1. At 0.692 mPa s and 37 °C, plugging the Kirkwood radius over alpha-carbon pairs of segment 613-705 into Stokes-Einstein gives what diffusion coefficient in µm²/s?
2. Below 27 Å, Cα to Cα, which lysines can K848 reach? Residues fewer than 8 away in the same chain don't count.
3. Could you compute Rg(Cα) / (2.2 N^0.38 Å) for segment 147-293, with N its residue count?
4. Taking the Cα centroid of segment 300-320 and of segment 39-85, what is the distance between the two, rounded to the nearest whole Å?
5. On the first, second and third principal axes, largest extent first, how far apart are the outermost C-alpha atoms of segment 8-197 in Å?
6. Given that compact globular proteins tend to follow 2.2 N^0.38 Å, what is the ratio of the alpha-carbon Rg of the chain to that value?
7. If packing is taken as the average count of other Cβ atoms within 10 Å, what order do 193-202, 473-482 fall into, highest mean first?
8. Just want the answer: with Cβ charges of +1 for Lys and Arg and -1 for Asp and Glu, which residue in G512, L531, P933 is farthest toward the dipole's positive end in the chain?
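Just so you know, all these numbers are worked out from the coordinates, no wet-lab data involved. None of the values given here were measured: they were computed from a predicted structure. Cβ coordinates were reconstructed from backbone atoms using ideal geometry, including for glycine residues, and neighbour counts include every protein chain displayed.
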Amino acid sequence: MNDAPLDPLTALRPWEAPEVTSWGRLPMNAVDRRSGAVPLDGDWRFQLLPAPDAPLGEAWSSSYVPGVWTMQGTGDLPRYLNIRMPFAEFPPEVPAANPTGVYEREVDVPAEWAGRRIVLQVGAAESVLLVHVDGRPAGISKDAHLAAEFDLAGLVRPGERATVRLTVVKWSDASHIEDQDQWWHGGITRSVLLYAVDPLHLADVTVRARRDGDLLVECRVRDAGGALPEGWYVSGELDGQLLTQDTEFDRANAEDERVSDFLGEARLRAAVPDVRTWNAETPELYGLTVRLHRADGTVADTSRHRVGFRDVEIVGRDLLVNGERVFIRGVNRHDFHPLTGRTVTYDDMRADLVLLKRFGFNAIRTAHYPNDPALYDLADELGFYVVDEADIESHDHAHEIADDPRYLGAFVDRVARMVLRDKNHPSVIIWSLGNESDYGANHDAAAGWVRRHDPTRPVQYEGAARRGWADPDLASDIACPMYAPLEECLAHALSGTQTKPLVQCEYSHAMGNSNGTLADHWAAIEATPGLQGGFIWEFWDHGILQRVNDARPAGRGGAGLYDNGVAAPGHRWAYGGDFGETDHDGAFIADGVVFPDRTPKPVMFEHREIAAPVRIEAFRHEGVVLSNHQHFRGLEWLSGEWELSLADGDTLTAPAELPALRPGETAAVPLPFTVPEDGGEAWLTLRVTTAGDEPWAPRGTVVCLPQVRLRAALPPAHTRVPDGTVEVGEDGLLVHPLLTAAPVLSLWRAPTDNDELGGMADRWRDWGLQAPTREVVSVRRSPGRVAVVSEYLCAGGTVRHEQVITAVDGGLIVDESAELPEALYDVPRVGTVFETVAGLNLLEWFGKGPWESYPDRAAGAPVGRHRLPVDELFTPYLRPQESGGRHGVRRFTLSASDATGLAVRLDRARQVSVTRHRAADLAAVAHHDELVPRAGCVVHIDAAHRGLGTASCGPDTFASYLVAAGIHRWSWTLRVL
């Protein structure tokens, strides 16, 4: 029989009680408590128990706080599932095998805190937190992504040492509403600290600053002793300007019989003349200090805030910031790090936002929970519009939980605490009720609380909007669908029935080589009233740095073991299934616009150009038209340089003086160059950079590269009169000293994630496109020319291919055609593939670049002269797949260090790729550490290449980017350098 005293916290079994959201936890508030706090981060004693009611052992290890134990060498490893729960129990039940981490350390309470109110703050714990001090219960908290505070009155003594124990239960009823698309972890993910305040203290501060300069500060005051003392008052100043007491509010409060003796309320006001408003382009902030005074005037408590004056409103079907209809160029963002899992530092978050700012993003959705508090400070400072999302996602059991009254308190509690914490941030312009949790009464209750507490911001929820984009009675002020096809969005905007702004909460899924048609979407958004943007899914590839030899996370010691998106030898980026779990969702966790080390993927350059603040268009023959596409800012913060790229000449440069344009204005500018008459194709690029240092970019940082074609390419003037010899084998394949594999027809690409999850790859395999059987029909030889007709036999039909090779002027002209039967109605590519000898390590080309581009993702790659080592052309997507392509290539050379090599000129702009890998090499492996580069180059010249789309989670590419049946023709020349 166990005679140990019953612990009231574990006796309650809160991990199986959705009605219990907390016990002993203080109300959330927006008062700044960082000053003077005692940080408790560092190594804590640690035990990992098999269940929350299991007894403690004698042996302790250590665990670093903040951090998750799943990344710190325990047997409980990370696990990835998107929708399904990692256990079979229905809500609110959890499995008996329930990893539970016990953290313990001693805390020295400062003696000078005598007589003060002492509070323990745990930044975040996943998923249920039980707090004990010296063995006595202090409280319980749920919500894995918001802080919990506990009053330690009666539990600690100033000047003495206390033992703090934090017990974190991994699985709980709360797990069922924290079923987000991310790794499952367990632990304390944000900082822990201890602070003290006067018994008379600010319980909350609400700041409302309007764009007309009107400032209202609402204060709530409490006293730890119970009744408030007589004579207290509050004061405030804003950058030196004193705030005034709202005496009318004080009088009304004094006369109101509902006012109690233990809650004080006060209001301060100010009218700021010539106010500098806050927006994402010019995020102007003021410093606010609020002080709570005792009757004798001494200060009992202080709270500091940064204030941004701005208005957010919906007028008709437009979302307005400061009266302007703004485009939302957003991305969804998780708190993630490849070494710590869930824990991010201030420097991490600043690097995230600086990178996003440099690539044209102006908005963040905190998918799918409130992010670390420092992120909102940074968003205020750097300039981002934030959709703040509550920690609610019940994806696997969404329909059941949405109306389950047992979870009613949890829904309202999570939404309300988010609002209470973040309401003073000007960056937060929209509240979100959560994600992928169906729609029910629990959402309506939460929405009602928000609208009553904060009528200054709209509320959105995709699950409600899904019931009807125009329905005014649903709990979403914004139509915020996920992955809605562009044609549906356009139809809604043009229908005459639209009543709400349409801003997609998720669109353009960034899994692997993806984000096709992004430019097409934005062309439609900018041209169509009622469409206002959206949020790309998502910022990060959530690859965890893993040691290959033992499949464990590299942990905090792995810094420096990755660079440019690539893990160091002996390591790899792990995704679902790499930690031994059999039930997982694979690489679906790798769906960001940056790699796990924050290296930008090519889509970032695409987005940068789509979001360009300066655009140019051709204007007759005399010049170009420049336009300012910002909402609030002029062009004075930018500088420019002109570049003229000639296909058959040099690249010329000249300084550019940008005109003084207000938002939305245009101006005609004369051409800075006289275009040579014999230069062939000509492109004019405006290199736009920061004119001075910005908070997010030093002077000279590229902002955009708008480009316009001044002259089209001339038709190729090849003569096909043979004047040499063509050597082919009996099989009709070209024999060439620089080629190790002759040019043959290619119909296959290593499937992208979109190809696989969209179902196209299976269809292509069923057709046999990856390895068709080639049969020679005829080989016709004549002096200086060989014509070869072949048939490529596929399960989906026979492709007839003709290749005519003509020797001319020391080189070869290759004319090709391929006839695809109607059964092959959608193939990945039609073109030529060949392989070169080793040693050709440098690619130089005229076309789009320098970064990777594809037919439906090419707006961000300017046409010009580019050169890169072959080994830098390949993009290391976490799951190897088709990559490294360059769109719109007119010509290229592959050369060795001694400048020998080969030169290829194309009949017109084509898709080209040069890598060290065959398509079969890429398709055969799951990670890059399994790839073995070939010594030579694998070269693809495509007559047609299928677009990328976003079909892994969203619409496929448009019909105009498909490779259809019928006859395809292309031509290219090959010369030795």
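1. Numbers: Rh = 14.0 Å.
Answer, rounded: 234 µm²/s.
2. Result set, ordered by chain and number: K357, K601.
3. Expressed relative to 2.2 N^0.38 Å, the Cα Rg reads 1.42.
4. Spelled out, the Cα-based centre of one part sits 39 Å from the other.
5. 51, 37, 29
6. 1.05
7. Descending mean neighbour count gives 473-482, 193-202.
8. P933
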